[in-house]
1. Mind checking the full-extension length gain between residue 538 and residue 579? Use 0.36 nm per residue of separation minus the Cα-Cα distance, one decimal, nm.
2. Quick one: order 617, 291 from most to least accessible surface, probe 1.4 Å.
3. Please give every one of the lysines within straight-line cross-link reach of residue 605, meaning a C-alpha to C-alpha distance under 16 Å, and leave out same-chain neighbours fewer than 8 residues apart.
4. Size of the dipole of the chain about the Cα centre, Lys and Arg at +1 and Asp and Glu at -1 on the beta carbon, nothing else charged, in debye to 20?
5. Let's test the formula: R0 of 41 Å, r as the Cβ-Cβ distance of residue 623 and residue 348. What FRET efficiency results, to the nearest 0.05?
6. Going by Cα centres, the range 58-83 and the range 177-226 are how many Å apart?
7. Give me the 1.4 Å probe accessible area per residue for the chain, excluding ligands and nucleic acids, in Å².
8. For the chain, with the dipole built from +1 on Lys and Arg beta-carbon atoms and -1 on Asp and Glu ones, taken about the Cα centre, which of 102, 232, 143 lies farthest toward the positive end?
Amino acid sequence: MSEQKLYPVKANIADNCLLNDQQYLDMYQESITQPDQFWGKHGSELLDWIQPYTKVKNTSYDPGHVSIKWFEDGLLNVSANCIDRHLQERGDEVAIIWEGDNPEEDSKLTYNELYQQVCKFSNALKQQGVKKGEVVCLYMPMVPEAAVAMLACTRIGAVHSIVFGGFSPEALAGRIIDSNSKYVITADEGVRGGRGVPLKANVDQALENPDCEFVKSVVVLKRTGGEVNWNANRDVWWHDITENQAADCPPEPMNAEDPLFILYTSGSTGKPKGVLHTTGGYLLYATMTFRYVFDYHPGDIYWCTADVGWITGHSYLVYGPLANGATTILFEGVPNYPTSARMSEVCDKHQVTILYTAPTAIRALMAQGDAAVQGTSRSSLRIMGSVGEPINPEAWEWYYRTIGDERCPIVDTWWQTETGGILITPLPGATALKPGSATRPFFGVQPALVDNEGNVLEGAAEGNLIIKDSWPGQMRTVYGDHERFEQTYFSTFPGTYTTGDGARRDEDGYFWITGRVDDVLNVSGHRMGTAEIESALVAHPKISEAAVVGVPHEIKGQGIYAYITLNAGEEASAELHKEVKAWVRKEIGPIATPDILHWAEALPKTRSGKIMRRILRKIATNETDSLGDTSTLADPSVVDKLIEEKSNAA
Ligand code: WT7
């Protein structure tokens, strides 16, 4: 089987890898059998503490008493670890390379400059009234100031809650309200793929929601100089509040378990959850995974294409790289603008050595063939990563051969917003690769497979992926709703962390992630709950019911297929088709726009009124000869009707 082929791992990184296979196995063993010793040692080696910890792991997955604490009596500051401690040795080295959407725009920020900017902005935030422990919402474009704002929050002990700039005003308002963010930081406009994104206008619209009245101030960065509306009681310019501030600001000593940030993510039910990460364990885990997964060496130029609005942007664009004193590239644009060679061109321009991107970007470039590498050498690359969704072996091979010229090991990193950092991944120099497999667990991570009844499956098997014990980067709670945290992650298979993913383990013990086993979609690496899209759809005045399922999509991985029943008297039309798509964009954002609308007369329901999604999935993917048992339906004739209607779905 070609997918089982083992790839050489040391082709280009010969002798100076951080780890070999035996070292990985030894360290892994220690991390599992003696977690206190293992993490205690690495915690003090990799981070600077204001007050050292005396306790390391104190965690419980016991039903009803889930509690996760790491380094609980230690004090540290994240921005001091990401900036201050590097100044003496590498103050003049570049911390952030900014590459604009326009290929002619770029800039560099040294660690010294980053220090000054962060201190000034920290002082500005304090002057705005931001207090330790308060939540600050960031709705920012991909500019260095996004990282500056994050780090400034951590410096003064404020908790950031970043909302991806592609989310709609409605979605933004929901997150501001749930997290109780009295402060919002944004920009006049963002720029992506040659087009403007009206960030400030979106904030204005979000804050029209009467439940957002508690918002005290909106800090606006001038990115494009585009025109914006101004509310003098509330809005301040970034440059106005920052320019006269002192260029130093003492880092606030934070307890390891103090909240660091909230990040919203979708689940199978209800509204998006505010995933809460804390200070010490998260930072150690981001720092250590960055170092070993990307085999980081001083001098590397590291480029992660993720947006700061996602967890990858938190852990592997900002915190992991900067805590290691690395040079990280922050890219404002998209991998295929102005042409599909852009990603390769940026690699050459900045001599990128480590590239971390997503399967959806790889597939989109692969569809353009050689145009994606035209006129570029990419010879600086030595390691390439993939994240966000399963990478199909075909895309893996293309990435390996065409982008990496068969020189660079690929690290297919499996993790989640909830896990804070990478849990299952190859390590360059240590792990033989199999295209499509995330391979083996990182230190301290104990994955297992269980069947639907919770029986542990041994050896080569396929089942639900669970994690048996805690690791330092794990989320601590759902913001404001600890019960939901326990319910979502610790009740299905009590005593373990439920990932929501399915996986297969092969005879070599390698893991192959098969995708979500719950009602969560992964569209272009963006995670969305079917329930969330459905509730946006039924909020439309003409829609009576909706059911959403995922269907395979060539580039996006999954596409969104929406079954819609209209209110009595309403007619499906081309106009309504457009209107409904625009509606979802408005309610959630462009990433949630359905790919296909299926006007249904009725949905298949059990006698107790439960929608049978299994049947809807089969119909959407044309697997109508394997519909399974339909006899429990209240009205089995609905199925034939749906199959008939399918020809009009578009
Ligand atoms: C879900 C988490 C991890 C940061 C970006 C996404 C899927 C993620 C992989 C991978 C197969 C993957 C899983 C996971 N996923 N990485 N390498 N192979 N699947 O974070 O939005 O929290 O989504 O993304 O289904 O549960 P997220």
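The values are calculated or read from the model by the stated rules, or taken from the named source; none is laboratory data. Because the structure is predicted, anything quoted here is derived from the model rather than measured. We place every Cβ from the backbone using ideal geometry, glycine too, and count neighbours over all the protein chains shown. We work out accessible area using only protein heavy atoms, side chains counted, and drop any ligands, DNA or RNA first. Shrake-Rupley method; radii C 1.70, N 1.55, O 1.52, S 1.80 Å.
1. Values: separation 41, 0.36 × 41 = 14.76 nm, distance 1.32 nm.
Full-extension gain reported as 13.4 nm.
2. Values: 617 100, 291 75 Å².
So the residues, ranked largest to smallest area, are 617, 291.
3. 618, 641
4. Values: 57 positive and 85 negative charges, 75 e Å.
Here the size comes out at about 360 debye.
5. On the way: r = 45 Å, r/R0 = 1.09.
My answer for the efficiency is 0.35.
6. Measuring centre to centre over Cα atoms gives 32 Å.
7. Values: 24460 Å² over 650 residues.
That works out to 38 Å² for each residue.
8. It is 232, whose Cα lies furthest towards the positive end.
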